[in-house]
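Below: the structure, in structure tokens.
The values are calculated or read from the model by the stated rules, or taken from the named source; none is laboratory data. Quick caveat: nothing in here was measured; it's all calculated off a predicted structure. Note that each Cβ is placed from the backbone with ideal geometry, even for glycine, and that neighbours are counted across all protein chains shown. These accessible areas exclude ligands, DNA and RNA; they are computed on the full protein's heavy atoms, side chains included. Shrake-Rupley method; radii C 1.70, N 1.55, O 1.52, S 1.80 Å.
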There are 2 protein chains.
Amino acid sequence: MASPAVRDQDNHNDAENSSIGYCGKVMNKVVEFPRKLKKFGQDDPRRIVHSLKVGLAVLLVSLLYYFQPFYNGLGDTAMWAILTVVVVFEFSVGATLGRGLNRILATFLAGALGFGVHHLANLSGDIAHPILIGIFVFLLAASVTFIRFFPRMKARYDYGLLIFILTFCLISVSGYRDEEILEMAHKRASTILIGAFIAVFVCVFICPVWAGEDLHNSVAKNIEKLGSFLEGFGVEYFKVVGSGESNLAHLQGYFSVLNSKQSEETQANFARWEPRHGRFRYRHPWRYYLKIGNLTRQCAYRIDTLSGYLNSEVQTLLNIQNNQVQELCMKMSSESGKALKELAWALKTMTEPCSAASSHITKSRAAANNLKSMLRTNAAAVAGVGGDQVRLLDIVPAVTVASLLSEIVAYAEAIEKSIQKLASFQHVQFKSAERKKPTALTSCKTSSSNVGPHHVITMDRLASLQVQESNKEIGSKFQRIRSAV
Amino acid sequence: MASPAVRDQDNHNDAENSSIGYCGKVMNKVVEFPRKLKKFGQDDPRRIVHSLKVGLAVLLVSLLYYFQPFYNGLGDTAMWAILTVVVVFEFSVGATLGRGLNRILATFLAGALGFGVHHLANLSGDIAHPILIGIFVFLLAASVTFIRFFPRMKARYDYGLLIFILTFCLISVSGYRDEEILEMAHKRASTILIGAFIAVFVCVFICPVWAGEDLHNSVAKNIEKLGSFLEGFGVEYFKVVGSGESNLAHLQGYFSVLNSKQSEETQANFARWEPRHGRFRYRHPWRYYLKIGNLTRQCAYRIDTLSGYLNSEVQTLLNIQNNQVQELCMKMSSESGKALKELAWALKTMTEPCSAASSHITKSRAAANNLKSMLRTNAAAVAGVGGDQVRLLDIVPAVTVASLLSEIVAYAEAIEKSIQKLASFQHVQFKSAERKKPTALTSCKTSSSNVGPHHVITMDRLASLQVQESNKEIGSKFQRIRSAV
């Protein structure tokens, strides 16, 4: 196995570290820093591009100070433009647009409200003025802060609400001293507009990073990771003779899928700010990706449970080597893995998931059904012993693995259906794939009625896990699967 | 089952909604808004308190404008104090302190650097000045933006790095015009200090919300949620006669555990900024909570897999009612559930996990071992039929459930050990519990060598899942478990 080797290397490093002492460690870190920096940039070169873009945007906005005509017009408020560029410029277009729009809208609204309050307070006389302003500032800051807790507001308008409090306080409070409040508000608004415009311009027109495309690719990538695990699982678990070294480390790619929920939700929120780009039209159903992501994660939880049996030494107790169960389990695993990889490819390239994925799913489903009928006949055949007394303990791991694999096959089907549903949305354009094997597709469509022993994904379960929207379409499909069991 | 009733209610609501039309819906929403607001506040009253605190802090800082002596000293830069209060004030003390310190440190460092660059550029003559400043601004903005991508920097210093870019640009660029740069820097620094001080003061001394305590409680709460599920699972799965209505909805509390990673990491990062408070000393090992959280989540993944069998209609095919397997599975489930609840209570109250939890774990482990030996004897007894030919298909779900429960028992043990490890840290004070049942504790300690068929949590697996630090202590314990299998 690969893992003991990894542990040995760790021990070696530990021994090396303890011999070189503290100074050596610090030196090592200093020497390694540029290498780490380089590797970090190479991992995602868009990080370097983004950094250069921020530098450029800041440079552009600082020109406001250097050119006399600009400076005469704006004066010291030009600093608001720099401030806006620095705080608004984000990695993806969606995030930048969201922050920029939030900032502009909130500044205008709060500015107008602040001016109104200032005017009202002015009418009330010198003594009542600060008291009135104080009451308004307290009430507005408290109530808007409370609104910021609402998950929906937090997801899309958190920054805007913050800027709303800020601008309202600045305008209404500073208005007490500054009689030229209108001019100040006007200058501030224009500098913020200039700053936001520069940030958005540089972000959109120089190597843009689209949050929507990132979301699309990461959902596809996650499905692919699960596929890779399943493809490798069978060989690893049954330790097929002649398969060479095992690659446990290679199978751990799915870990990142388990905790992908938050980043997907963030990206979906950003993506909704973005205009149409590349293959994605304006009203692309970004929220639907979260549903596919949820199904992927649920599948990943099963895979995590399954992976627990990989490291188990109990697996060697199995008395069912060289028999049909092993073959069928391996088939379920590898075929559903291939299906998931095909689906990931279809999603990534936006090609209708067709023949290849469906035929793999059909095969994995057929293997599950074969296993089911084999289990139905008798136990002796499964245990691979001739007697009538079966030591159940020996077959527990294999039965569990088969059962989990059967559930994973059901999830692969569910993911296929969800991608088909995505392709059917009004504002989504999936390329139609060449239909080499129409029969495979048809047989897959009908095969959902031949489901195995563990089709346990029901409407209730999905409804509670999915993102606050009813998922009637998928739900009804599962209802059908369920009633067919 | 409760779920069809829930669905019926949904349908009823749908029918009602469609009959009242769009205007009615809007009216409904308007009428319901205050009710929602109230409920949202009642769910966590700290939200209301926090909102009032923000209002108070903003009110306090706006006094800088109203009192002549303050205003004469600070002038228009008083607005930086308002800005600081609004952007620094966060829900928890740790977050506020982190942002405040980041802002102050970054302002000072960037101010000094900006002043240095400004001075250097001044020496170089009028033509070279803007070019030099431009080059510096570009390079600094780009390189600091790149550093912000590093996960470690992002976790703790993201806001500081942003403010660093901002202040450097403001000072070095505006310095081109403003000869009174030192005075400006001085005023800005003092207003930011005043703002940060007010924010931190209000946040810490009026009903403080400690991120560390939140993390502590949420990790304990998550363990309790898993316990609640396991306590209810047995009855629900085997549909014990006379157990009354099932409560599937009640069992869904563990859902939130599955995606708790990110919030726990955020809270741990905030907690590291906090001084000692309540039961937590200064160097409380907050990072260790992430390890307990990881174990809890891995257990939750198994529970999610297990819960798939709850909704399955296949479970009714079981031919093993009224036999010992059912009893043992129920015992494993309920005892490990009770153990987890005891552990959650111990963690929450910081009492050394002792007799009660250990005895429950011992009982669940004993049930697992009994099941194991029963499975070892023969198959017929399990299937509850007299013949020698067992229809394996019928016992597949039960075997899988038993196997998963056995793994969950192992996780409960692992969680117990991790809490014991937490209690043993140098800066952690756990109250010692009254040791009513020392024998139970002892037997639990030794029972780890009698592990069941699925002790599949190995060193490799833990190491890869845990948070970038070696977990040698827990690891070696598992190594022992593993070698004992």
Odd one out for B:T296 among (1) in contact (Cβ under 8 Å) with a residue 12 or more places away in the chain; (2) more than 9 Å from chain A (Cβ to nearest Cβ); (3) open to solvent by 10 Å² or more (accessible area, probe 1.4 Å): (3)
Enumerated helices (runs of 4 or more DSSP H) restricted to region A:23-106, each holding at least 3 residues that are at the interface with chain B (Cβ under 9 Å from one of its Cβ atoms): A:46-66, A:78-88
Qualifying residue in region A:231-253 (condition: among the aliphatic types (A, V, I, L, M), farther than 30 Å from A:R103 by Cβ and at pLDDT 90 or above): no
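So that you can scan it fast, the table gives a plain yes or no per residue for (1) open to solvent by less than 10 Å² (accessible area, probe 1.4 Å); (2) within 11 Å of chain A (Cβ to nearest Cβ); (3) of a type in the set (A, V, I, L, M, F, W, C); (4) part of a helix (DSSP H, G or I):
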site: B:L140; (1), (2), (3), (4): no, yes, yes, yes
site: B:F149; (1), (2), (3), (4): no, yes, yes, no
site: B:Y159; (1), (2), (3), (4): no, yes, no, yes
site: B:I171; (1), (2), (3), (4): yes, yes, yes, yes
site: B:E183; (1), (2), (3), (4): no, no, no, yes
site: B:H186; (1), (2), (3), (4): no, no, no, yes
site: B:S218; (1), (2), (3), (4): no, no, no, yes
Unmet requirement for A:V209, which otherwise passes all of (1) out of contact with any Lys or Arg (no Cβ under 6 Å at 6 or more places or on another chain); (2) farther than 25 Å from B:A300 by Cα: (1)
Some residue of region B:387-402 being on the phi > 0 side of the Ramachandran plot, at pLDDT below 75 and either away from chain A (no Cβ under 12 Å) or not in a helix (DSSP H, G or I) (or both): no
Which numbered condition B:K154 misses (of (1) more than 7 Å from chain A (Cβ to nearest Cβ); (2) within 17 Å of A:F91 (Cβ to Cβ); (3) surrounded by 15 or more Cβ atoms within 10 Å (Cβ to Cβ)): (3)
